[in-house]
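Visitor: Okay, handing you the structure first.
The values are calculated or read from the model by the stated rules, or taken from the named source; none is laboratory data. Keep in mind that this is a model prediction, so the values were computed, not measured. Cβ coordinates were reconstructed from backbone atoms using ideal geometry, including for glycine residues, and neighbour counts include every protein chain displayed.
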């Protein structure tokens, strides 16, 4: 089977990989590049556990082909913390106990960061709609929403 | 099973040549939010996937002849960020933005929503109401096809082998025009339409409806253009009597199925209700002088 050679940028670093034509971006991230932070939940675009950014656009990595990513800029959960320093969203998720089993958490964090990058002062309703494509089966959503809104408030105050 | 190949041509001619050569084995990839699910589920086994997103014409929004031309692979998120389309065609934009989550909006396209052929596709009744015309290219050249003539049955389109939709032309927008799309779902987000209704009107300076188009979704084997519903509005000020006639005509056009999302009786009734409500939103927008 012929493989596709793809040159891309992942979390700021140039990355080259080989993939099969039917491998999704999620398959490539997890199985070829061992970036296993992005999770596979439904594999049909319903749960958001595989949320990543492609050229600054929030997408499900399970619904894109690895072969499509030539020249694209990909950002995953692995690029969110600055070394050992957590992103404020990650810190607030811990403080608010906004996770239980944790499978949905990387997707929620990537999606929430993409919201705050676009809108530093979202309403609760805007936040809930933005995150409607991320499903959590453990803690429910209240703590997650509160963590995101609290992060937004703290980042606005410049702390 | 045949091995799948992936190609991403950068011109329309190259894409047409690849799809023509592939015949039945070829599939077009735009946003992939339907195709990748179908691939994963084993519902389709294409020998060739042609990714059209590197072709400039399918990714652009441009002004043309007083209206807009929108590439078939423009994403919902990109459409919603285009000030000109939001102002001229808020009903089309709101319908397209109802497709899936934020993540889906980052990839899903109007061309894909149409060519997937679902009777419940949210953007399609709004495109039909808008009078959008699809520019289709294929081995025998380019042709213009009204959106209502593309879907001919669930999952089936009138596109010939090797053909695909390049872009949609939205007509010139006269003063006092407005459009709107509403759908019924049992949730507030992330669901498939039980009924969808798109209404597009143009008023004269006295507020009398000069032109109207009404599109319905999820109430028949294909999305519908309902001429009788539009005729109920034309010549009226969208008074109660006209809106009653609109609702009756919309309901009369329904040939729905019973399924877990809604019964025949429910869908038929709700089609009239939504057409009426969408008409009132379109009326407000038309009066705002759009």
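Visitor: For residues in the range B:79-99 being free of Cβ contacts under 8 Å to residues at least 24 places away in the same chain and farther than 25 Å from residue A:47 by Cα, which is farthest from the other protein chains (Cβ to nearest Cβ)?
Guide: This residue is B:84.
Visitor: Shifting gears a bit: Residues in the range A:136-153 that are out of contact with any helix residue (DSSP H, G or I) (no Cβ under 9 Å at 6 or more places or on another chain) and at negative phi: how many?
Guide: 5
Visitor: For the range A:68-75, check the following and say yes or no: at least one residue is facing chain B (nearest Cβ under 9 Å) and either touching a residue at least 60 places away in the same chain (Cβ under 8 Å) or closer than 17 Å to residue A:117 by Cβ (or both).
Guide: Taking every residue of the range A:68-75 in turn, at least one turns out to be facing chain B (nearest Cβ under 9 Å) and either touching a residue at least 60 places away in the same chain (Cβ under 8 Å) or closer than 17 Å to residue A:117 by Cβ (or both).
Visitor: Taking into account only those residues within the range B:185-218 that are part of a loop (DSSP other than H, G, I, E, B), away from chain A (no Cβ under 14 Å) and in contact (Cβ under 8 Å) with a residue 60 or more places away in the chain, which is farthest from residue B:249 (Cα to Cα)?
Guide: B:186
Visitor: Does the range B:122-131 contain at least one residue that is surrounded by fewer than 20 Cβ atoms within 10 Å (Cβ to Cβ) and either touching a residue at least 40 places away in the same chain (Cβ under 8 Å) or closer than 21 Å to residue B:99 by Cβ (or both)?
Guide: Checked the range B:122-131: at least one residue is surrounded by fewer than 20 Cβ atoms within 10 Å (Cβ to Cβ) and either touching a residue at least 40 places away in the same chain (Cβ under 8 Å) or closer than 21 Å to residue B:99 by Cβ (or both).
Visitor: Let me ask something else. State which residue is surrounded by the fewest Cβ atoms within 10 Å (Cβ to Cβ) when the search covers only the range A:66-90 and only residues that are touching a strand residue (DSSP E or B) at 6+ places or on another chain (Cβ under 6 Å) and under 17 Å from residue A:39 (Cα atoms).
Guide: Filtering the range A:66-90 for residues that are touching a strand residue (DSSP E or B) at 6+ places or on another chain (Cβ under 6 Å) and under 17 Å from residue A:39 (Cα atoms), the one surrounded by the fewest Cβ atoms within 10 Å (Cβ to Cβ) comes out as A:75.
Visitor: Here is a further query. Could you please let me know if residue A:78 is away from chain B (no Cβ under 13 Å) and part of a helix (DSSP H, G or I)?
Guide: yes
Visitor: Same structure again: Please verify whether the range B:221-233 includes one or more residues that are assigned to a strand (DSSP E or B), in contact (Cβ under 8 Å) with a residue 40 or more places away in the chain and on the phi < 0 side of the Ramachandran plot.
Guide: Yes, because at least one residue in the range B:221-233 is assigned to a strand (DSSP E or B), in contact (Cβ under 8 Å) with a residue 40 or more places away in the chain and on the phi < 0 side of the Ramachandran plot.
This table checks each residue for (1) over 15 Å from the mean Cα position of the chain (by Cα); (2) farther than 17 Å from residue B:29 by Cβ; (3) not assigned by TED's automatic domain parsing to the domain that holds residue B:35.
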position: B:89; (1), (2), (3): no, yes, yes
position: B:114; (1), (2), (3): no, no, yes
position: B:125; (1), (2), (3): no, yes, yes
position: B:134; (1), (2), (3): no, yes, yes
position: B:137; (1), (2), (3): yes, no, yes
position: B:147; (1), (2), (3): no, yes, yes
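Rundown of residues vs (1) at pLDDT below 95; (2) within 14 Å of chain B (Cβ to nearest Cβ); (3) farther than 17 Å from residue B:35 by Cα, yes/no style:
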{"residue": "A:13", "(1), (2), (3)": "no, no, yes"}
{"residue": "A:29", "(1), (2), (3)": "no, no, yes"}
{"residue": "A:45", "(1), (2), (3)": "no, yes, no"}
{"residue": "A:48", "(1), (2), (3)": "no, yes, yes"}
{"residue": "A:52", "(1), (2), (3)": "no, yes, yes"}
{"residue": "A:61", "(1), (2), (3)": "no, yes, no"}
{"residue": "A:66", "(1), (2), (3)": "no, yes, no"}
{"residue": "A:90", "(1), (2), (3)": "no, no, yes"}
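Visitor: Please specify each residue of the range A:118-129 satisfying the condition of being without any contact (Cβ under 8 Å) to a residue 12 or more places away in the chain and part of a helix (DSSP H, G or I).
Guide: A:118, A:125, A:126, A:129
This table checks each residue for (1) under 17 Å from the mean Cα position of the chain (by Cα); (2) in the same structural domain as residue A:117 (by TED's automatic domain parsing); (3) assigned to a strand (DSSP E or B).
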| residue | (1), (2), (3) |
| --- | --- |
| A:15 | no, no, yes |
| A:22 | no, no, no |
| A:28 | yes, no, no |
| A:39 | yes, no, no |
| A:44 | yes, no, no |
| A:47 | yes, no, no |
| A:53 | yes, no, yes |
| A:59 | yes, no, yes |
| A:62 | yes, no, no |
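Visitor: Can you find even one residue in the range B:14-31 that is within 14 Å of another protein chain (Cβ to nearest Cβ) and out of contact with any strand residue (DSSP E or B) (no Cβ under 8 Å at 6 or more places or on another chain)?
Guide: no
Visitor: Considering the range A:91-113 alone, what residues qualify as being surrounded by fewer than 20 Cβ atoms within 10 Å (Cβ to Cβ) and outside any loop (DSSP other than H, G, I, E, B)?
Guide: A:91, A:94, A:95
Visitor: If residue B:27 meets every condition in (1) in the same structural domain as residue B:122 (by TED's automatic domain parsing); (2) assigned to a strand (DSSP E or B); (3) free of Cβ contacts under 8 Å to residues at least 40 places away in the same chain; (4) crowded, with 18+ Cβ neighbours inside 10 Å apart from one, which number is that one?
Guide: (1)
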